[in-house]
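*Asks:* Here's a structure for you.
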Amino acid sequence: MFYTFVKYFNTLTLFCYYKKINRVNYKLKPKGKGVLYLANHQNALLDVLIIATRIKEPIYFLTRGDVFANALLRRIFGTLNMIPIYRVRDGRTQLALNDAIFEKTAQLLHEGKSVLIFPEASHSLDKRIRNISKGFTRILNAHAQLERSEPIAACLIGVNYHAPQELGDQMSLHFSDYINLPHKVLGAEQTQELVQGFTKTFKTLSLHLEPKTYVRDFQYLQDVQVDLSDLEQVRNVLNQTSERPKEKSNSQLQKGIHKLWFALPLILYKLTFDKLVDEAEFEGTFRYGFMVLFFSLLFILCACLHNPIVLIGLTLYVFMGVMLIKKWSLFP
């Protein structure tokens, strides 16, 4: 019940926070079949929240183990279907715990559940697909060794943001078709082939700028003000098969109105949550978390005052803010 509440609450708040979230090629998973979702990782916890609210069935998440250090957080994360996975940076003694994690994950897939993993094993705001870890193949091997286990499928998700650190951003999730996974223990050569194949697929589902031309291409895309979450538009611009988007004439006016309208929450954010951000990839997560907490507390306070005028005023303020984000966005 807690998972369901958090899912639908964040469905509402993400709708208000983002200009748009596009879901491309999403299909319901095969009934009763375990599915391993794999996604590229850009925007810390927001990646998890957005994917969870855009997939119909409940999902289990393999999450970096260091966030489970606190007993209270372990309990909360457990109710949200989050499972710790440990990396070399967490200490080699912790890595031994992964064997049990992979077995648990394999059992969930055997039971027809859905599991999400980020095979890049880290997050980055860069517009490129990074090296994919072989860790997910250990889940497949653990599953293949279960008695009477049925074949499972994989679905790759390309996560694409335009301005991931900003309020009112736009993003897209591009889903691959379901891929039947080999139902046997993989050798080194088969593992490498699977990793290479998934890497190629990810590059078709995500904005991937090649390292040699990364700086030039990224600067050009910013100059022409293309929507970086729209892969077709980006590729057409880079391949010069479409006209350069026209520059917005009212961008300065829009920026001024946005800054004025959201001045109070953004100033309070700078004085509080912003001080907790130690990685750029967490900027969007902390800003989103603050906005949700700030407006939730305001609504609770207004409800406690039993003053309908104040509550209506706050509702109108939020409604107009959402309209600014949706209809008069700062982004292409």
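*Asks:* Please work out if Ile129 is in a strand (DSSP E or B), in contact (Cβ under 8 Å) with a residue 60 or more places away in the chain and of a type in the set (Val, Ile, Thr).
*Replies:* no
*Asks:* From the list Glu283, Glu247, pick out the single residue that is among the acidic types (Asp, Glu), modelled with pLDDT of 90 or more and out of contact with any Gly (no Cβ under 6 Å at 6 or more places or on another chain). Walk me through it before giving the result.
*Replies:* Numbers: Glu247 fails: modelled with pLDDT of 90 or more.
Going through Glu283, Glu247 in turn, just one is among the acidic types (Asp, Glu), modelled with pLDDT of 90 or more and out of contact with any Gly (no Cβ under 6 Å at 6 or more places or on another chain): Glu283.
*Asks:* Could you list, in sequence order, the residues of the range 110-132 that are within 15 Å of Ile51 (Cβ to Cβ) and of a type in the set (A, V, I, L, M, F, W, C)?
*Replies:* Within the range 110-132, Val115, Leu116, Ile117, Phe118 meet the criteria.
*Asks:* Select from the range 83-116 the residues that are within 24 Å of the chain's Cα centre (by Cα) and either β-branched (Val, Ile, Thr) or not assigned by TED's automatic domain parsing to the domain that holds Ser133 (or both) and write down the one among them that is surrounded by the fewest Cβ atoms within 10 Å (Cβ to Cβ).
*Replies:* In this case the residue turns out to be Val88.
*Asks:* Scan Leu14, Leu46, Leu80 and give me the residue that is closer than 24 Å to Arg130 by Cβ and either of a type in the set (A, V, I, L, M, F, W, C) or surrounded by 16 or more Cβ atoms within 10 Å (Cβ to Cβ) (or both).
*Replies:* Of the residues listed, the single one that is closer than 24 Å to Arg130 by Cβ and either of a type in the set (A, V, I, L, M, F, W, C) or surrounded by 16 or more Cβ atoms within 10 Å (Cβ to Cβ) (or both) is Leu46.
*Asks:* Cβ-Cβ below 9 Å, separation at least six or inter-chain, first residue in the range 216-228 and over 17 Å from Tyr161 (Cβ atoms) and of a type in the set (A, V, I, L, M, F, W, C), second part of a helix (DSSP H, G or I) and at pLDDT below 95: which pairs?
*Replies:* Val224/Val237
*Asks:* Still on this model: Might you check whether a residue that is closer than 25 Å to Val48 by Cβ and surrounded by fewer than 12 Cβ atoms within 10 Å (Cβ to Cβ) occurs anywhere in the range 305-321?
*Replies:* No - not one qualifying residue is present in the range 305-321.
*Asks:* While we're looking at this one, here's another question. Output the residue which, of all residues in the range 170-207 that are part of a loop (DSSP other than H, G, I, E, B) and at pLDDT below 95, is surrounded by the most Cβ atoms within 10 Å (Cβ to Cβ).
*Replies:* Going through the qualifying residues, I end up with Leu181.
The values are calculated or read from the model by the stated rules, or taken from the named source; none is laboratory data. Values in this document were obtained by computation on a predicted structure and should not be read as measured data. Note: ideal-geometry Cβ built from the backbone for every residue, glycine included; neighbour counts use all protein chains shown.
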